[in-house]
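Engineer: I have a structure I would like to understand better, so I am pasting it below and will then ask my questions one at a time.
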Amino acid sequence: MIHLSEIDVFLIILYFFSVIFVGFNALKKDRSSSDDFLLAGRSLTLPIFVMTLVSTWYGGILGVGEFSYRYGISNWFVQGLPYYFFAAVFALFLAKKIRESNLFTIPDKLNSAYDKKTAVVGAILTFILMTPAPYLLMLSVFLQMLFKWNVFVSLVVTAIVAVSYLYWGGFRSDIQTDILEFILMFIGFAVILPFCLINYGGYEFLKTNLPELHLTWHGGNSFQFILVWFLIALWTLVDPAFYQRCYAAKDPKTAQKGILISIIFWFIFDSMTAFAGLYSRAIIPDLTDPVMAYPMLAEKVLPPIAKGLFYIGMLATIMSTLNTLMLVSAQTIGRDIIHRVKGFINDKDSVIWTKFGLVLSLIISILIALIIPSVIKIWYTIGTIVIPGLLIPLISSYFESLKISAKYAFYCMIISVLISLCWLVGSFLFFQSDKYFLNIEPMFPGLIVSFIIWFIARYSYVKKL
């Protein structure tokens with residue numbers, strides 16, 4: 001059970017009002033242009049770029065706590081290191097090209113490099129990839145834990161806080177709230193670690209009280225398990241939030257440097273969350289629900305005020321990601337799907353349909369959260385199915401030496417997604433468990449087929465030249 005003092009409750013309520021205030025305070029008189037509403041006028045400076053990118057990375061903070069509690073420092077090797085690697089790849093090879101393209105979204109690039117139907121399929125996959133459902137679910141569950149609200153009340157409060165200022169302020173409101181949440185998420189975990197260290201001790205305490213495998217890089221997991229999570233980190237290369245920040249940067253150099261600097265902050269924050277997870281396992285070894293690793297650690301070691309600040313840090317971590325995903329999903333529905341089916345007359349229509357997409361995205365996300373009430377299952381399912389379809393066609397579109405024809409790009413996206421989907425669904429229907437055909441994770445067949453189609457397409461493309 002979570003117990004909050006009056007001052008803790010006051011601080012958390014103050015946090016929500018502060019987010020709403022900052023979000024609405026970012027509004028400008030002229031928000032009718034797509035450039036302003038969707039990309040803040042492409043004006044992000046380096047510090048703002050870094051803070052807003054870093055804060056959108058960690059929405060799954062309860063999942064991070066669960067992974068650390070179960071597998072120890074393997075959390076850093078599995079869910080940290082691969083993402084740094086692919087973020088660095090993104091920065092060195094893609095960031096400048098993305099900003100120089102002066103586009104708005106991933107489907108814009110697919111449209112310019114291939115054709116309309118490929119862009120529409122890419123938009124649908126992008127929407128699935130960026131569904132806010134896991135974070136909407138996580139925030140609602142967290143509010144239920146804190147205030148004992150029911151599901152409906154939690155979802156209503158989440159919707160009001162996360163959507164209201166985005167509807168009016170767009171990306172400017174998103175980045176301003178992200179700056180606040182960047183500060184609060186670091187404060188939250190900076191508060192809890194000293195209490196753990198002072199009350200229980202440092203490395204020797206952890207070494208004595210943790211399972212032996214918790215201090216190994218693999219955490220007792222199989223090679224295939226680790227490899228799958230490493231490949232899921234390919235998500236970084238097709239993450240629309242990364243592309244959105246690059247499009248919004250004031251220049252290509254800011255986009256590239258911003259991602260590289262962000263890796264440093266991700267490493268610092270991952271170190272803090274990893275140690276918090278280790279302390280949770282060492283102090284509370286019999287926790288029945290590892291998802292509660294961080295909240296139960298706070299209940300064990302933190303006094304009032306400090307506890308409120310820690311919970312605010314966790315809320316800020318989730319909210320920052322939820323905001324961004326809500327806006328990207330809305331943009332995908334309104335601008336990338338409806339735009340290419342219906343067509344826009346001017347920027348005003350683009351903004352109007354994006355606002356419509358914001359409402360529709362919220363409704364769809366609520367339905368997904370109710371149908372699949374597991375954050376980890378939503379992540380895994382989406383990543384497994386969508387990444388094989390988007391990865392190779394999207395990356396190829398930025399390099400002439402990798403380019404393929406529109407026809408093959410379309411087939412590559414459709415077939416690889418269907419392969420992974422059928423492998424996943426077929427395995428479930430056949431085994432009724434987490435086992436897969438030939439003990440192969442569903443992402444692998446999709447990626448292999450995608451690469452084969454690309455190889456054939458590339459050979460055909462070069463031959464025509």
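The values are calculated or read from the model by the stated rules, or taken from the named source; none is laboratory data. Source: prediction; values computed, not measured. Glycine also receives a Cβ, built like all others from the backbone with ideal geometry; neighbour counts cover every protein chain displayed.
Engineer: Taking V120 as the residue in question, decide whether it is touching a Lys or Arg at 6+ places or on another chain (Cβ under 7 Å) and assigned by TED's automatic domain parsing to the domain that holds I232.
Structural biologist: On the way: touching a Lys or Arg at 6+ places or on another chain (Cβ under 7 Å): yes; assigned by TED's automatic domain parsing to the domain that holds I232: yes.
Yes; evaluated as a whole, the condition is true for this residue.
Engineer: Name the single residue that is farthest from the chain's Cα centre (by Cα) among those in the range 234-258 being crowded, with 20+ Cβ neighbours inside 10 Å and outside any helix (DSSP H, G or I).
Structural biologist: A249
Engineer: Quick one: which residue in E400, E441 is within 27 Å of A91 (Cα to Cα) and acidic (D, E)?
Structural biologist: Matching residue, one of E400, E441: E400.
Engineer: Scan the range 204-224 residue by residue and report those that are without any contact (Cβ under 8 Å) to a residue 24 or more places away in the chain and either of a type in the set (K, R) or surrounded by 14 or more Cβ atoms within 10 Å (Cβ to Cβ) (or both).
Structural biologist: Selection gives K207 alone.
Engineer: Say whether the condition of being in contact with a strand residue (DSSP E or B) (Cβ under 9 Å, 6 or more places away or on another chain), of a type in the set (A, V, I, L, M), assigned by TED's automatic domain parsing to the domain that holds Y69 and closer than 26 Å to L362 by Cα is met by at least one residue in the range 230-238.
Structural biologist: Here is the first cut: in the range 230-238, the ones in contact with a strand residue (DSSP E or B) (Cβ under 9 Å, 6 or more places away or on another chain) are none.
No.
Engineer: Looking only at helices (runs of 4 or more DSSP H) that fall completely inside the range 39-98, which ones have 2 or more residues that are of a type in the set (V, I, T) and touching a helix residue (DSSP H, G or I) at 6+ places or on another chain (Cβ under 6 Å)?
Structural biologist: Counting at least 2 such residues, we get 46-55, 61-71.
Engineer: Give the residues of the range 84-104 that are within 21 Å of the chain's Cα centre (by Cα) and within 15 Å of D251 (Cβ to Cβ), sorted by residue number.
Structural biologist: A91, A95, I98, R99, listed by residue number.
Engineer: Let me ask something else about it. Taking the range 44-82 only, how many residues are touching a Lys or Arg at 6+ places or on another chain (Cβ under 9 Å), within 23 Å of L237 (Cα to Cα) and surrounded by fewer than 21 Cβ atoms within 10 Å (Cβ to Cβ)? Full working, then the answer.
Structural biologist: Keep residues of the range 44-82 that are touching a Lys or Arg at 6+ places or on another chain (Cβ under 9 Å), which gives 44-46, 49-50, 52-53, 56, 68-70, 72.
Imposing the further condition that a residue be within 23 Å of L237 (Cα to Cα) reduces the set to 44-46, 49-50, 52-53, 56.
Next, only the ones that are surrounded by fewer than 21 Cβ atoms within 10 Å (Cβ to Cβ) stay: 45-46.
So the count comes out to 2.
Engineer: Moving to a separate point now. Is it the case, given these coordinates, that G383 is within 19 Å of the chain's Cα centre (by Cα), modelled with pLDDT under 90 and not aromatic (F, W, Y)? Don't jump to the end; show me each part of the working.
Structural biologist: Details: within 19 Å of the chain's Cα centre (by Cα): yes; modelled with pLDDT under 90: yes; not aromatic (F, W, Y): yes.
Yes, satisfied.
Engineer: For the range 173-203, how many residues are under 24 Å from V78 (Cα atoms) and either out of contact with any Gly (no Cβ under 8 Å at 6 or more places or on another chain) or loosely packed, with under 15 Cβ neighbours inside 10 Å (or both)?
Structural biologist: Taking the range 173-203 and keeping what is under 24 Å from V78 (Cα atoms), we get 182, 185-186, 188-190, 192-193, 202-203.
From the residues that got through so far, the ones that are either out of contact with any Gly (no Cβ under 8 Å at 6 or more places or on another chain) or loosely packed, with under 15 Cβ neighbours inside 10 Å (or both) too are 182, 190, 192-193, 202-203.
Residues that pass the stated criteria total 6.
Engineer: Working only within the range 197-233, note down all residues that are assigned to a helix (DSSP H, G or I) and farther than 19 Å from S280 by Cβ.
Structural biologist: Start the filter on the range 197-233 by keeping residues that are assigned to a helix (DSSP H, G or I), which leaves 197-200, 203-209, 212-215, 223-232.
Scanning the range 197-233 gives F223, Q224, F225, I226, L227, V228, W229, F230, L231, I232.
Engineer: When you scan the range 116-134, do you find a residue that is outside any helix (DSSP H, G or I) and at pLDDT 90 or above, even just one? If you could, list the steps in order and put the result at the bottom.
Structural biologist: Of all residues in the range 116-134, those outside any helix (DSSP H, G or I) come to 130-132.
From the residues that got through so far, the ones that are at pLDDT 90 or above too are none.
No, the conditions are met nowhere in the range 116-134.
Engineer: Go through the range 68-87 and report how many residues are within 15 Å of Q224 (Cα to Cα) and of a type in the set (F, W, Y).
Structural biologist: Here the count works out to 1.
Engineer: Sort through A95, A91 and tell me the only one that's of a type outside the set (F, W, Y), in contact with a Leu (Cβ under 6 Å, 6 or more places away or on another chain) and closer than 30 Å to A119 by Cβ.
Structural biologist: Criteria check complete, one pass: A91.
Engineer: Find the residue count for the range 266-293, including only residues that are free of Cβ contacts under 8 Å to residues at least 40 places away in the same chain and of a type in the set (S, T, Y).
Structural biologist: Counting residues in the range 266-293 that are free of Cβ contacts under 8 Å to residues at least 40 places away in the same chain and of a type in the set (S, T, Y) gives 1.
Engineer: Going by the conditions given, is Y247 of a type in the set (F, W, Y) and without any contact (Cβ under 8 Å) to a residue 40 or more places away in the chain?
Structural biologist: On the way: of a type in the set (F, W, Y): yes; without any contact (Cβ under 8 Å) to a residue 40 or more places away in the chain: no.
For Y247, the condition - of a type in the set (F, W, Y) and without any contact (Cβ under 8 Å) to a residue 40 or more places away in the chain - is not met.
Listed here are the residues, each with its yes/no results for (1) within 25 Å of A274 (Cα to Cα); (2) among the hydrophobic types (A, V, I, L, M, F, W, C); (3) touching a Ser or Thr at 6+ places or on another chain (Cβ under 8 Å).
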| site | (1), (2), (3) |
| --- | --- |
| F182 | yes, yes, yes |
| F186 | yes, yes, no |
| F195 | yes, yes, no |
| N209 | yes, no, no |
| S222 | yes, no, no |
| F230 | yes, yes, no |
| A249 | no, yes, no |
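Engineer: Restricted to the range 334-345, and to residues that are surrounded by fewer than 24 Cβ atoms within 10 Å (Cβ to Cβ) and not basic (K, R), which residue is modelled with the lowest pLDDT? Spell out the reasoning first.
Structural biologist: If we filter the range 334-345 for residues that are surrounded by fewer than 24 Cβ atoms within 10 Å (Cβ to Cβ), which is where we start, we get 337-338, 340-345.
Next, from what is left, pick out any that are not basic (K, R): 337-338, 341, 343-345.
Values: I337: 88, I338: 84, V341: 79, G343: 68, F344: 63, I345: 53.
This residue is I345.
Engineer: Also, quick follow-up: Has the range 169-192 got any residue that is farther than 30 Å from I305 by Cα and of a type in the set (G, A, S)?
Structural biologist: Start the filter on the range 169-192 by keeping residues that are farther than 30 Å from I305 by Cα, which leaves 169-172.
Next cut, of a type in the set (G, A, S) only: 169-170.
The answer is yes, given that some residue of the range 169-192 is farther than 30 Å from I305 by Cα and of a type in the set (G, A, S).
Engineer: Could you identify the single residue in I175, I187 that is under 30 Å from S33 (Cα atoms) and either under 19 Å from the mean Cα position of the chain (by Cα) or hydrophobic (A, V, I, L, M, F, W, C) (or both)? So that I can check it myself, show each step before the final result.
Structural biologist: Working: I187 fails: under 30 Å from S33 (Cα atoms).
Just a single option satisfies the conditions, and that option is I175.
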